[in-house]
Amino acid sequence: MSAAETTPLHKTPLHALHLELGAKMVPFAGYDMPVQYPSGVMAEHKHTRAQAGLFDVSHMGQVLLVGPGAAAALETLVPVDIVDLGLDKQRYALFTNDAGGILDDLMVCHRDDGLFVVVNAGCRDQDIAHMQTHLAGRCEVRPLPERALLALQGPAAVTALARLNPGVAALTFMTGGFFELDGIPVYLTRSGYTGEDGFEISVHQDQAVALARKLLAQPEVKPIGLGARDSLRLEAGLCLYGHDIDTTTTPVEAALTWAIQKVRRAGGARAGGYPGAAVIDAQLAGGAARKRVGLVGSERMPVREGAAVVTADGTEVGRVCSGTLGPTVNKPVALAYVAAEFAKAGTELFAIVRDKRTPMTVSATPFTPNNYFRG
Amino acid sequence: MSSIKYTPDHEWVEVHGDGTVTVGITVHAQDALGDVVFVDLPEVGKTFAAKDTAGVVESVKAAADVYMPVSGEILEVNETLRADPALANSDPLKAGWFFKVKLAAPAELDALMDATAYDTLVKNG
């Protein structure tokens, strides 16, 4: 029994539907969210990789940046090329602070009507304030609280979704568009957080339940909770803000330099101009002292956030930031920060679990192959 | 003829009447845990006091301690469960047993709950 909540939890537009479907609900980022449905985390995880899973991610923040100066303005907050992001293209980005640390990770999509930004639920209010403070006068920052967000992920997602509009099948990974799904207007992108092919669908809150029911009516689709969302993203090697990345980790330490296009790096046409650029450029040139890596365990024992990582002689060289028993890879998998000299794939290390050492090997991620649709 | 007692930590204790008991987790416990992916069982021959942590049961999301319901020596652990942790979900009351204990203080059994008391705990919990 938990202590009485002083602030009641927020509900997404699909809250009643989750209860109807028998979800076990838990608080997450101030919302009452489904952690699993009667199938359970393992079955939901495996179903997503085999067929298609429907996730309610309406707790995340959706914002539109409007005006001709929006792309250049956003570039003052992220080390990412937004100015040359093509129409209906989507990109992963990071809000940084003056120390080069990460304030949040986000998705940015160049839509016809503006830059469509999706931020983490736990950072939503801070991110909106951050944008409003720093982008004032350069573009309009328009939060979209009336929008719900659904994710449909898995190899059968396109088959299921195409029944509602065959046009979605033409989209490739990280592109989006305005569509009608069986008459319901949406903006969707072919992207997600599972490593599988799939879509993220922004829909007005008044039509969210109707759309969810249409998707759940497809034979391939089952509802999936946050428990499986976490194990899926972890197997895909994707970071979870607040655990794998935070204000104390730079994009270089976090092994996210692929997200920093050349044009924004030292020497590029639009180098710097975002918080922490000096720190990040220095690390891009000289390396960082520690690095986020994947770890795979050879014993069955899961290794969790906070576990120390040591060498054979017991020297502590790192710490686990996320970990689980991966239902698809069927092994313990983890993300950890380790001293840079131990970051090479194949390095043999140990994690400490309940005062015992369990062998872990540094591994490239994703731990299970990605299945993005590139066309 | 053995009898079953329960702890507030959602473990069952089968009392064999020969100074030994078998310990496992209840249906309620495995439901709350979700899919069990790993169990860490105590060492055979080791002695624990009541309420010591004897092992751990892990789901995809989290780990939960398994406590000694009574004091005693571990006689046997369920190797079948170690190899197939999902037994804790599919058959928690029989094939999914965790460990067997030689009682150090049989009177400790009197402090455990009977079925009625445990059912009440689950209903009100």
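The values are calculated or read from the model by the stated rules, or taken from the named source; none is laboratory data. For clarity, every value in this text was computed on a predicted model and none was experimentally measured. Using ideal geometry, Cβ is built from the backbone for each residue, glycine included, and neighbour counts are taken over all protein chains shown.
One residue stands out among those in region A:343-357 that are of a type in the set (A, V, I, L, M, F, W, C) and either surrounded by fewer than 11 Cβ atoms within 10 Å (Cβ to Cβ) or not in a loop (DSSP other than H, G, I, E, B) (or both): the one that is farthest from the other protein chains (Cβ to nearest Cβ), which is A:Leu349.
Whenever a residue of region A:43-71 is closer than 28 Å to A:Gly30 by Cα and of a type in the set (Ser, Thr, Tyr), its partners that are in a loop (DSSP other than H, G, I, E, B) and modelled with pLDDT of 95 or more, lying with C-beta atoms within less than 9 angstrom and at least six residues away or across chains, give the pairs A:Thr48/A:Gly154; A:Thr48/A:Thr194; A:Thr48/A:Glu196; A:Thr48/A:Ile224; A:Ser58/A:Thr12; A:Ser58/A:Pro13; A:Ser58/A:Leu14. Taken together, the residues in region A:68-94 that are over 24 Å from A:Arg190 (Cβ atoms) and touching a His at 6+ places or on another chain (Cβ under 7 Å) amount to 2. Before we move on, is A:Ala288 surrounded by fewer than 18 Cβ atoms within 10 Å (Cβ to Cβ), free of Cβ contacts under 8 Å to residues at least 60 places away in the same chain and either in a loop (DSSP other than H, G, I, E, B) or not assigned by TED's automatic domain parsing to the domain that holds A:Glu341 (or both)? When the stated conditions are applied, A:Ala288 does not pass them. Picking from residues in region A:306-330 that are closer than 14 Å to B:Ser59 by Cα and surrounded by 16 or more Cβ atoms within 10 Å (Cβ to Cβ), the one that is nearest to the other protein chains (Cβ to nearest Cβ) is A:Leu325. The set of residues in region A:44-73 that are within 14 Å of chain B (Cβ to nearest Cβ) and in contact with a Phe, Trp or Tyr (Cβ under 9 Å, 6 or more places away or on another chain) comprises A:Glu44, A:Thr48. Could you please let me know if A:Gly272 is assigned by TED's automatic domain parsing to the domain that holds A:His130, closer than 30 Å to A:Thr76 by Cβ and without any contact (Cβ under 8 Å) to a residue 60 or more places away in the chain? Here the answer is yes, as A:Gly272 does meet what is asked.
Look at region B:69-89: where a residue is touching a residue at least 24 places away in the same chain (Cβ under 8 Å) and a partner is among the small types (Gly, Ala, Ser) and surrounded by fewer than 14 Cβ atoms within 10 Å (Cβ to Cβ), sitting 6+ places away or on another chain with Cβ atoms under 8 Å, you get B:Val70/B:Ala105; B:Ser71/B:Ala49; B:Ser71/B:Ala105; B:Gly72/B:Ala105; B:Glu73/B:Gly45; B:Ile74/B:Gly45. Do the conditions hold for A:Ala334, that is, is it surrounded by 13 or more Cβ atoms within 10 Å (Cβ to Cβ), small (Gly, Ala, Ser), on the phi < 0 side of the Ramachandran plot and not assigned by TED's automatic domain parsing to the domain that holds A:Ala255? It is true that A:Ala334 is surrounded by 13 or more Cβ atoms within 10 Å (Cβ to Cβ), small (Gly, Ala, Ser), on the phi < 0 side of the Ramachandran plot and not assigned by TED's automatic domain parsing to the domain that holds A:Ala255. Within region B:55-87, restricting attention to residues that are over 30 Å from A:Pro34 (Cβ atoms), away from every other protein chain (no Cβ under 11 Å) and of a type outside the set (A, V, I, L, M, F, W, C), the residue that is nearest to the chain's Cα centre (by Cα) is B:Pro69. Taking residues in region A:24-40 that are at positive phi and in contact (Cβ under 8 Å) with a residue 12 or more places away in the chain, and partners anywhere that are in a strand (DSSP E or B) and surrounded by fewer than 17 Cβ atoms within 10 Å (Cβ to Cβ), the pairs with Cβ atoms closer than 6 Å and at least 6 places apart or on different chains are A:Gly30/A:His10. For the residues B:Val15, B:Val27, B:Val21, B:Val44, the requirement of being buried (at least 21 other Cβ atoms within 10 Å of the Cβ) and in contact (Cβ under 8 Å) with a residue 24 or more places away in the chain singles out B:Val21.
Kindly state which helices (runs of 4 or more DSSP H) lie completely within region A:1-116 and contain at least 3 residues that are assigned by TED's automatic domain parsing to the domain that holds A:Gly192 and under 25 Å from A:Pro219 (Cα atoms).
Details: elements: A:15-20, A:41-50, A:70-74.
Those helices (runs of 4 or more DSSP H) span A:15-20, A:41-50.
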